1. What do you reckon, is residue A:151 under 30 Å from residue A:52 (Cβ atoms), in a helix (DSSP H, G or I) and among the aliphatic types (A, V, I, L, M)?
2. Taking the stretch B:13-43 on its own, how many of its residues are over 17 Å from residue B:68 (Cβ atoms) and in a strand (DSSP E or B)?
3. When the stretch A:348-386 is examined, which residues are found to be at pLDDT below 95, touching a Cys at 6+ places or on another chain (Cβ under 9 Å) and of a type outside the set (Val, Ile, Thr)?
4. Which of the strands (runs of 3 or more DSSP E) contained wholly in the stretch B:44-116 include at least 1 residues that are open to solvent by 40 Å² or more (accessible area, probe 1.4 Å) and under 30 Å from residue B:227 (Cβ atoms)?
5. Could you pull out the residue among B:120, B:71, B:145 that is within 21 Å of the chain's Cα centre (by Cα) and within 28 Å of residue A:415 (Cβ to Cβ)?
6. Six or more apart or on different chains, Cβ under 9 Å: which pairs go from a residue in the stretch B:26-55 that's under 27 Å from residue B:194 (Cα atoms) to one that's aliphatic (A, V, I, L, M) and part of a loop (DSSP other than H, G, I, E, B)? Could you list them?
7. Given the options A:341, A:354, A:318, A:347, name the one that is open to solvent by less than 20 Å² (accessible area, probe 1.4 Å) and more than 13 Å from residue A:380 (Cβ to Cβ).
Amino acid sequence: MSLKASIPNYVFRSAKGLNREIVTEISRKKNEPDWMLEFRLKALEIFESIPMPSWGADLTDLDPEDIYYYVKPIEDQHTQWSDVPDKIKKTFEKLGIPQAEQKFLAGVGAQFDSEVIYKNLKKRWSDQGVIFTDMSTALRDHPDLVKKYFATVIPAHDNKFAALNSAVWSGGSFVYVPAGVRIDMPLQAYFRIDSSQMGQFERTLIIAEPGSFVEYVEGCSAPIYKKNSLHSAVVELVALPGAHIRYTTIQNWSNNVYNLVTKRAIAYKNARVEWVDGNFGSKVTMKYPCIILAESGAKGSIISLAVAGNGQHQDSGGKIIHLAPHTTSSIIAKSISKDSGISSYRGLLKVIKGAHHVKSKVQCDALLFDDISRTDTYPTIDIREDNVAIEHEASVSKVSDEQLFYLQSRGLNEQSARALIVNGFIDAFVQLLPMEYAVEINRLIAMEMENSIG
Amino acid sequence: MEKSIFLCIKNLSVSVIDKPVLYNINLNVNAGNVHAIMGPNGSGKSSLAYTLMGHPHYYITAGAVILNDVDITTMPVHERAKNGLFLSFQHPCEIPGVSVASFLKEAYSAVTGTHISVADFQQLLLKYCELLSIAPAFIGRGLNDGFSGGEKKRLELLQLLLLQPKVAILDEIDSGLDVDSLKIVAAGIALARQENPHMSVILITHYQRILNYIIPDYVHVLCDGRIVSSGDAHVAKVLEAKGYDEFKSLNS
């Protein structure tokens with residue numbers, strides 16, 4: 001598509017590919033402070049200096065030069081749902097956003113393309129000093145807070161795609177929870193990739209002050225496009241002493257999306273962080289949520305689910321780094337491979353010298369649907385302390401003809417039988433989801449099963 | 001009044017990957033009757049059970065199976081279940097994470113085609129659990145996951161009570177049980193027959209001992225894939241006294 005072609009749906013779209021001018025333009029369009037522009041340009045240099053990763057999933061078909069790095073929708077930001085244009089509402093409907101949307105609408109901040117077009121924060125939260133906004137607005141309205149924490153958990157040089165995100169980030173959420181405030185309803189954000197070939201580089205930062213609690217839930221979906229699309233987000237969580245953050249993601253990208261995401265949390269004294277991470281769809285996913293347990297008494301848990309179908313590689317897992325004594329962690333990673341799909345568990349468990357009385361449990365369970373699908377496990381365990389309790393378990397099971405026959409002999413057709421087996425396998429994951437999401441997951445599983453008979 | 005024939009097996013021959021396992025089996029089972037099928041290991045007893053239920057590995061090379069006037073010879077497995085056929089498995093599968101209760105509710109809805117509220121179903125389940133001396137906590141566990149042999153058999157019986165089939169094939173439901181467990185299982189079968197008097201039973205067993213508790217109307221002896229002898233309950237006594245070798249020699 002020619003750049004000169006008239007594209008009425010977009011106010012502004014940058015040229016394909018990436019250089020200093022584009023990065024400068026992105027920053028200028030957003031009226032960003034100088035330090036952010038400098039940060040972006042430095043990140044661009046880092047991105048250009050790091051080679052593409054040669055480990056993990058195959059990225060040879062991904063060309064970062066063939067992507068639009070910034071698209072701003074014509075619709076401006078909305079604070080009232082009634083002001084949101086019908087076209088966008090219809091898109092939400094198509095995404096099948098169900099009761100969750102209805103029920104929590106008042107608190108939804110949703111990202112449409114690269115820009116947040118709708119946000120509404122419940123009054124009682126803002127009365128409590130909670131900030132829930134998009135990252136660009138936060139940078140404008142709360143510059144000191146953003147500057148204090150931005151890129152402190154994931155620096156630009158962490159990896160190639162973190163550097164890319166740092167250079168071109170746009171959108172994403174900013175959440176700040178003051179000390180002692182417990183938000184009793186999950187904050188939710190829906191977002192999706194909308195324009196062909198357009199990368200989406202949202203940047204999310206959550207800061208939980210001492211003794212606070214917040215649950216953040218994001219669900220993603222994307223329609224099918226002809227060209228490969230890149231999604232490369234960065235999510236940083238800061239759990240200050242005694243704080244508790246739960247971050248839940250259900251992603252259902254279309255089968256041509258490269259989903260290369262860096263997620264990391266830092267947990268201070270007696271703080272607790274949970275990553276709940278469900279990965280459906282995409283062509284390639286590389287995502288390993290990480291928790292750094294920085295001070296004593298901190299707790300971290302990662303529970304993930306990956307479903308890899310035909311032409312898909314889900315390379316996911318989790319990383320836990322114990323830097324302090326009396327810290328505990330768990331990783332439960334579940335994967336389903338079907339129709340020649342590949343799922344890999346890639347994990348790191350690290351305990352430094354001096355981090356005594358650490359407890360950790362890692363459990364990876366893989367379910368194979370057939371003989372042509374594949375699962376691999378790459379666990380790295382690096383323990384430098386003797387006084388620790390570490391458990392590691394891995395299992396691979398296959399949906400067997402005998403299981404199917406047993407369930408069919410009780411009146412279930414093949415599709416229902418497979419769905420029941422899968423629902424049993426993912427039960428431990430679904431238990432952790434808010435109810436509307438559990439319903440959504442069951443629907444996704446049923447859809448996946450429809451496409452896998454034969 | 002003459003009883004209608006519920007299950008009719010006509011000239012049935014079966015192969016597994018080109019290897020014949022059953023030859024020309026004929027059997028008519030009337031409503032409410034109990035047919036015991038006895039035979040040594042490898043005689044084809046379980047092959048018959050799996051074939052009747054429609055296991056994809058068992059290929060029917062000749063003959064037909066008629067269930068209540070419906071030809072089910074090529075019918076998909078789940079349709080057979082909906083038409084009133086039930087198989088109690090010798091080794092029921094373990095399906096972790098699926099609770100007994102949710103599995104049973106799904107099976108109940110699928111087989112009976114009726115929707116039942118969670119509360120009503122719970123009540124129905126608890127009633128049958130009590131009849132079978134099953135602790136209510138049992139139904140919250142994963143399906144057969146970590147169950148003892150006796151627990152698995154009892155869960156099969158619970159399904160027999162719940163699904164009320166027209167024809168129940170019980171494949172070695174007595175295997176691996178001590179005398180006390182055997183009595184519980186036999187009492188469960190008697191209860192199922194009482195609750196569902198028109199149900200006919202095909203009781204597949206290696207040993208005569210369960211037939212002391214459930215008196216069969218007919219006994220068939222299966223050797224090397226053929227029915228070599230049929231008669232009343234007396235046949236089982238002869239078997240017990242003389243062993244299978246006596247019958248094998250009948251096989252020409």
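1. Details: under 30 Å from residue A:52 (Cβ atoms): yes; in a helix (DSSP H, G or I): no; among the aliphatic types (A, V, I, L, M): yes.
Against the criterion (under 30 Å from residue A:52 (Cβ atoms), in a helix (DSSP H, G or I) and among the aliphatic types (A, V, I, L, M)), residue A:151 does not qualify.
2. Residues that pass the stated criteria total 16.
3. Matches in the stretch A:348-386: A:379 only.
4. Those strands (runs of 3 or more DSSP E) span B:59-67.
5. The conditions single out B:71.
6. Correct list of pairs: B:31/B:199; B:32/B:199; B:34/B:214; B:34/B:215; B:36/B:214; B:36/B:233; B:52/B:72.
7. Numbers: A:354 fails: open to solvent by less than 20 Å² (accessible area, probe 1.4 Å); A:318 fails: more than 13 Å from residue A:380 (Cβ to Cβ); A:347 fails: more than 13 Å from residue A:380 (Cβ to Cβ).
Answer to the selection: A:341.
Condition check ((1) in a helix (DSSP H, G or I); (2) among the β-branched types (Val, Ile, Thr)) across all residues:
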{"site": "B:201", "(1), (2)": "no, yes"}
{"site": "B:204", "(1), (2)": "no, yes"}
{"site": "B:207", "(1), (2)": "no, no"}
{"site": "B:210", "(1), (2)": "yes, yes"}
{"site": "B:216", "(1), (2)": "no, no"}
{"site": "B:219", "(1), (2)": "no, yes"}
{"site": "B:228", "(1), (2)": "no, yes"}
{"site": "B:238", "(1), (2)": "yes, yes"}
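The values are calculated or read from the model by the stated rules, or taken from the named source; none is laboratory data. All of these numbers come straight from a predicted model, not from anything done at the bench. Cβ coordinates were reconstructed from backbone atoms using ideal geometry, including for glycine residues, and neighbour counts include every protein chain displayed. Calculation scope for accessible area: heavy atoms of the full protein, side chains included, ligands and nucleic acids excluded. Shrake-Rupley method; radii C 1.70, N 1.55, O 1.52, S 1.80 Å.
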